[in-house]
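The structure appears below as structure tokens.
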Amino acid sequence: MLSAVLLVSGCAVKRIDNGVYHSSKGYRVAIPGDEWAPFDESPADLELRHRASPAGMAIHAVCEGRAPRRAPDVLARQLLIGLRDRAVVERGSTEIAGRPAFRAVLDGRLDGSTTRVRMETLVVTDGRCVYDFMYVAPVATFDATRADFTRFVETFRTE
């Protein structure tokens, strides 16, 4: 489900040590629990799928070329490609690892699906990379594993 939304490309070997994913792009994030399994065929740096429910989360960084100049809210729009019939539930500024970030929660349908999903996206930049976080689940079960996504984001650190 989540892979259909991610339009970023690239593939890297996933290095997970003691429940912590270490990206070759210079960041780390902790897997929020045993009920989340890495999905190796994802275009994201790390995609996790819930073992018991149709929920997924991902992180991806783009660290190529010049430092990002666009604001995180503008960059976040790219994450919404593929989400149809969108309705904004929440949006605003937040902070991730001491850096300003943009956060949005939207309802919609993924391309080719009739099931309504809720998606939370966060975008943060530094002088080197744009970091995209995403969590997707059916609207009816979104809150059941949302705290796991919050913990996932809170563990983000650059190395």
Matching residues in segment 38-53 - criterion: being within 10 Å of Thr145 (Cβ to Cβ) and either in a loop (DSSP other than H, G, I, E, B) or modelled with pLDDT under 95 (or both)
Ala52, Ser53
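What residue, among those in segment 108-147 that are of a type outside the set (Phe, Trp, Tyr) and in a helix (DSSP H, G or I), is farthest from Lys25 (Cα to Cα)? Steps first, answer last, please.
Of the residues in segment 108-147, the ones of a type outside the set (Phe, Trp, Tyr) are 108-130, 132, 134, 136-141, 143-147.
Imposing the further condition that a residue be in a helix (DSSP H, G or I) reduces the set to 139-141, 143-147.
Working: Val139: 32, Ala140: 35, Thr141: 32, Asp143: 30, Ala144: 31, Thr145: 27, Arg146: 26, Ala147: 26 Å.
Across segment 108-147, the extreme among qualifying residues is Ala140.
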Find all pairs meeting these conditions: Cβ atoms under 6 angstrom apart; at least six residues apart or on different chains; first residue within segment 41-52 and free of Cβ contacts under 8 Å to residues at least 24 places away in the same chain; second residue in a loop (DSSP other than H, G, I, E, B) and not basic (Lys, Arg).
Arg51/Glu35
Scan of segment 10-37 for residues that are modelled with pLDDT under 95 and not in a loop (DSSP other than H, G, I, E, B), ordered by number:
Arg15, Ile16, Asp17
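The values are calculated or read from the model by the stated rules, or taken from the named source; none is laboratory data. Keep in mind that what you see is a predicted model, and the values were worked out from it rather than measured. Note that each Cβ is placed from the backbone with ideal geometry, even for glycine, and that neighbours are counted across all protein chains shown.
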